[in-house]
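What follows is a set of notes on a single structure, which appears directly below.
The values are calculated or read from the model by the stated rules, or taken from the named source; none is laboratory data. Everything numeric in this text was worked out from a predicted model, so none of it was measured. Heads up, the Cβs are rebuilt from the backbone with ideal geometry, glycines too, and the neighbour counts pull from every protein chain shown. We work out accessible area using only protein heavy atoms, side chains counted, and drop any ligands, DNA or RNA first. Shrake-Rupley method; radii C 1.70, N 1.55, O 1.52, S 1.80 Å.
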Amino acid sequence: MGLSEYNRKRNFKVTREPSGEAPAPPRQEGEGLRHFVIQKHAASRLHYDFRLELEGVLKSWSVPKGPSLDTRVKRLAMHVEDHPLAYAEFEGIIPKGEYGGGTVLLWDRGTWEPVGDPHQSYAAGNLKFILKGEKLQGGFALVKLRGRGAHSGKDQERAWLLIKERDSHVVPEETSDVTEARPESVATGRTLDDIAADRSRVWHSNRAQVDAGGAPGARPGPVPAVLRPPRFAARATPPRGGGWLHEMAIAGERLLARSDAGTAQLLDEDGKPLTAAAVRKRGAIADAVRMLPAQTLVVDGMLAAMTPAGHSDDRALPGALAGKLGATLAYFVFDLVHLDGFDLTRVPLDRRKALLAELVRASAEPGALRYLDHIAGDGVAFQHEARRLGIAAMVSRRADSSYGARAGWVRIPCAVSATG
Ligand code: MN
């Protein structure tokens, strides 16, 4: 099926759903785990979108009544267009008037194992599989409806049934209904109403919870139109003595974000706005920036792909941006340039970071956004500790430095074998 139908139905300038650039390369048999996701979707009619990773996309069925754990209950599942793998992460609002406009909640997710060859079974319209989700476990079948019935014409082609297979995970309908017992998001614990309330929360959080104007050196000013992110000078040894702040260097891409009245813009290391396609791939980051409790702001940081062990890994970044499952994006912010009508570039670094920490802490939805903390004091001691933790490099900045200071922003390798 491919993703052309998916793309045709959506205007990515308006919706925050991921675009389907290209199906991921089909996975080799036995390679890794196949993911599944079920999204509860309050569109014109509430339904559950059941998606199985197969052939490099998410094969998708719209299940009006949602899954059941009772083997006697057969739930209609209308086969719909393939979705990109990145869709498995989507929870949020699809704007009104757009295709599927409404609220999407990540109702369940996990991995699935086909029983038999999944390509053949899918083509034959009889797919049996084991789900290992947070809410759904055990055997299920998706069976294509044949012959004439209530569904005629085009709909008949698309009508399948979702049925629970007999095993220890069966729960009779009289005992409990899993969609009623577990209505919440597996990603955020939110309900559909919580998610739907997001937009209003953005627009009504007008008052800054963080007072930028009180910081020494803060000057009233507009959101800067042009940004020139300062560079870190390479240095072989860490600075000694006091007056410095040390952070671990994040492996990834330099990324700045500018937010103005609910609209977030992302900029590269040269201060140039990212293309619409590049922003879409970083949609969760723009959302998290938008959710910071400020009317206007500019932050500086590093975008990274996180390994399950919690380390940033720049080799995983292209995959994470392409929507591959398994790698998580994180945006580590380390500087605050502007906040709510105040230019903070001349505020000392330690004060800017204190404001930034407060701002991130006050966010109702930090999501992928993380405040990059520092240690004050001697750089050699920090380097020693960084080496012990296997951190490849550190950055040191003078605690009193302005944003854009030519001197006093340095990057130092930590790995013992590092040559520079
Ligand atoms: Mn849907």
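Asp70 fails exactly one of the following numbered conditions: (1) touching a Leu at 6+ places or on another chain (Cβ under 9 Å); (2) modelled with pLDDT of 95 or more; (3) more than 16 Å from the ligand (Cβ to nearest atom); (4) open to solvent by less than 10 Å² (accessible area, probe 1.4 Å). What is the number of that condition? Only one criterion in (1) touching a Leu at 6+ places or on another chain (Cβ under 9 Å); (2) modelled with pLDDT of 95 or more; (3) more than 16 Å from the ligand (Cβ to nearest atom); (4) open to solvent by less than 10 Å² (accessible area, probe 1.4 Å) is unmet by Asp70, namely (1). Leu76 meets each of the listed conditions (1) crowded, with 20+ Cβ neighbours inside 10 Å; (2) modelled with pLDDT of 90 or more; (3) within 16 Å of the ligand (Cβ to nearest atom) apart from (1). With a requirement of 2 or more residues that are in contact with a strand residue (DSSP E or B) (Cβ under 7 Å, 6 or more places away or on another chain) and open to solvent by 20 Å² or more (accessible area, probe 1.4 Å), the helices (runs of 4 or more DSSP H) lying completely within region 263-359 that satisfy it span 283-290. Screening region 20-58 for residues that are assigned to a loop (DSSP other than H, G, I, E, B), open to solvent by 20 Å² or more (accessible area, probe 1.4 Å) and at pLDDT 80 or above and picking the one that is nearest to the ligand (Cβ to nearest atom) gives Ala43. Here no strands (runs of 3 or more DSSP E) wholly within region 92-142 include at least 3 residues being among the β-branched types (Val, Ile, Thr), over 20 Å from Tyr48 (Cα atoms) and within 16 Å of the ligand (Cβ to nearest atom). Taking the condition open to solvent by less than 30 Å² (accessible area, probe 1.4 Å), in the same structural domain as Pro230 (by TED's automatic domain parsing) and not polar (S, T, N, Q), does Gly377 pass? When the stated conditions are applied, Gly377 passes them. Considering region 397-415, the residues that are hydroxyl-bearing (Ser, Thr, Tyr) and closer than 16 Å to Gly243 by Cβ include one that is least open to solvent (accessible area, probe 1.4 Å), namely Ser401.
When Pro64 is tested against (1) away from the ligand (no atom under 14 Å from the Cβ); (2) open to solvent by 10 Å² or more (accessible area, probe 1.4 Å), just one condition goes unmet, and that condition is (1).
Contact map, region 74-85: first residue in contact (Cβ under 8 Å) with a residue 40 or more places away in the chain and assigned by TED's automatic domain parsing to the domain that holds Glu165, second residue in a helix (DSSP H, G or I) and within 12 Å of the ligand (Cβ to nearest atom), Cβ cut-off under 8 Å, separation 6 or more or different chains; pairs are Glu81/Tyr6; Asp82/Tyr6; His83/Tyr6; Pro84/Tyr6.
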